[in-house]
Every structure is written in structure tokens, then in C-alpha cells.
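What follows is a set of notes on a single structure, which appears directly below.
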Amino acid sequence: MVKFFFGILLVQSVTIALFFAAMQAGLDNTQLMLTIGLLEALFSILAAFWFSSIARQRHRDELAELREEHAREREKIKVNAERQKARILSKSHKEILNESRRSQAAANLKIGAAFAGALLFGGIMLYTQFVTFGLLVLTTAGGGLAGYLAKGRQIALVRKKEKNKRLSPPKS
């Protein structure tokens with residue numbers, strides 16, 4: 001606004017100076033009056049161009065500032081969306097892990113009960129003189145139990161490695 005104020009003051013002072021120059025020369029000198037009028041019109045046109053240039057530059061500055069502000073806001077929205085996405089993924093991953101652990105614990109109990117029943121049945125067969133059939137049942141149940149325990153140990157080691165990867169800092 002200050003630039004426009006100084007420009008307006010300059011136009012007014014030039015107009016007043018030309019007016020006083022015309023009054024000093026007298027009103028009957030037509031050629032001088034036309035020259036002063038044309039000079040005033042030329043100066044007014046130049047001032048109008050100057051004002052439009054100032055206004056255009058001011059508009060460009062405001063537009064650039066607005067674009068920059070929108071870019072910052074857009075970046076902030078993207079960062080917040082990424083954070084929320086990461087939180088949701090982490091939360092759902094934890095829920096899935098908890099649910100799988102819960103269901104695996106229930107399955108472990110059922111399988112343990114089945115193996116215990118098979119071992120009990122094998123023991124009863126041995127006790128009641130069905131030695132061959134009892135040994136067969138006991139070895140089958142023992143082998144199944146050993147395989148199941150080995151698979152459980154492998155799953156536990158894999159989970160431990162995944163947990164360590166998530167907790168360890170990234171290497172640079």
C-alpha cells in the first residue's frame with residue numbers, strides 16, 4: 001500500500017506543478033496548454049502502468065505464498081495419514097497375533113488331551129496283556145507328541161526372530 005501512496009503523491013505533485021506552470025504561462029497560449037495536457041496524460045498513463053505492475057507483482061507474491069501454504073498443509077495431511085495407517089496396521093497386526101496365540105493355545109490343550117488319552121489307552125493295553133498293540137499305540141502317540149513339540153519350538157523361534165527385528169533399530 002505504501003508504494004501506491006507514494007505513486008499517488010507523485011502523480012498529484014506533477015499535476016499541481018504542471019497546473020501552476022500553465023497558469024504562469026497564461027491561458028491564451030493554446031500550443032503550450034496542449035503540450036502541458038499531453039505531458040500530463042502521458043505521465044498519468046505511465047503511472048497507471050506502474051500501478052498495474054505493482055498490483056500484478058503483489059498478486060503473484062500472494063499467489064506463491066498461498067501455493068506454498070497449501071503445499072505445507074498437503075504434506076502435513078499426508079504425514080498424518082501415514083502415521084494413522086502405520087498405527088492401524090500395527091494395531092491390527094497385534095490383534096491378529098493375539099488371536100492366533102489364543103487359538104493356538106486352545107488347540108494345544110486339545111491336542112495335549114488327545115495325546116494323553118492315547119498314552120493312557122496304550123498304557124491300559126500294556127497292562128491288560130495286549131503288549132504289541134499297546135506298544136504300537138504308545139510309540140505312535142510318543143512320535144506324534146515329539147513332532148508336535150518340535151513344530152511348536154520352530155514357531156516360537158520364528159516369532160522371537162520377528163519380535164527382535166521389530167524392536168532392533170534400523171541399520172544405516
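Somewhere in the range 128-139, is a residue assigned to a helix (DSSP H, G or I), hydrophobic (A, V, I, L, M, F, W, C), free of Cβ contacts under 8 Å to residues at least 40 places away in the same chain and surrounded by fewer than 11 Cβ atoms within 10 Å (Cβ to Cβ)? No, that holds for no residue.
Screening the candidates Gly147, Gly152 for the property of being at pLDDT 80 or above, assigned to a helix (DSSP H, G or I) and surrounded by fewer than 12 Cβ atoms within 10 Å (Cβ to Cβ) yields one hit, Gly147. The lone criterion from (1) under 30 Å from Arg166 (Cα atoms); (2) touching a residue at least 24 places away in the same chain (Cβ under 8 Å) left unmet by Ile54 is number (1).
How many residues are within 26 Å of Arg153 (Cα to Cα) and surrounded by 12 or more Cβ atoms within 10 Å (Cβ to Cβ) when one looks only at the range 101-121?
Going residue by residue through the range 101-121, those that are within 26 Å of Arg153 (Cα to Cα) are 101-120.
Checking the rest, the ones that are also surrounded by 12 or more Cβ atoms within 10 Å (Cβ to Cβ) come to 104, 108, 111-112, 114-116, 118-120.
Of the residues in the range 101-121, 10 are within 26 Å of Arg153 (Cα to Cα) and surrounded by 12 or more Cβ atoms within 10 Å (Cβ to Cβ).
The values are calculated or read from the model by the stated rules, or taken from the named source; none is laboratory data. These numbers come from a predicted model, not from an experiment. Quick reminder, even Gly has a Cβ in these numbers, built from the backbone with ideal geometry, and neighbours come from all protein chains shown.
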